[in-house]
Amino acid sequence: MQFNDKPDNTVIMAFNAIGVAAAYVLLGISLWLSTEVPLSTKGFWGIAVLLLTLSLVNFVKYRFENQARIDRINRIEEARNEKLLEDYVGESYGPERKDAA
């Protein structure tokens, strides 16, 4: 597992976590204080917000994993191409070339 200890990422993550927590608190307060809305409707709104949050987290997670997969494939291809070039150049122009006199 790779850990990213960059302080700017930590600050951004903390800021986002505080924003999400504040949104949930404000939503909870607004649902609690809305007296004209039946309790069942409040429950449906709460469930909708939780499912939307779950969907967004999964969406971001899968996008991040897909980008990591693409990056990994690109690194493998770059290493393979570098190895092929190294083998080709090493055989054709290296100091151990037999016909170089």
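A compact table of results
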| item | result |
| --- | --- |
| In sequence order, calculated HN-Hα J values of the stretch 26-41 (Karplus, 6.51, -1.76, 1.60; Hz; x Gly/Pro) | 5, 5, x, 5, 5, 5, 5, 8, 7, 7, 7, 9, x, 4, 5, 5 |
| Computed Rg/Rh of the stretch 1-83, alpha carbon atoms with Kirkwood Rh | 1.23 |
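Taken together, the values in this text are just the output of simple stated rules run on the coordinates, not laboratory data. Just so it is clear, the model here is predicted, and its values are computed rather than measured.
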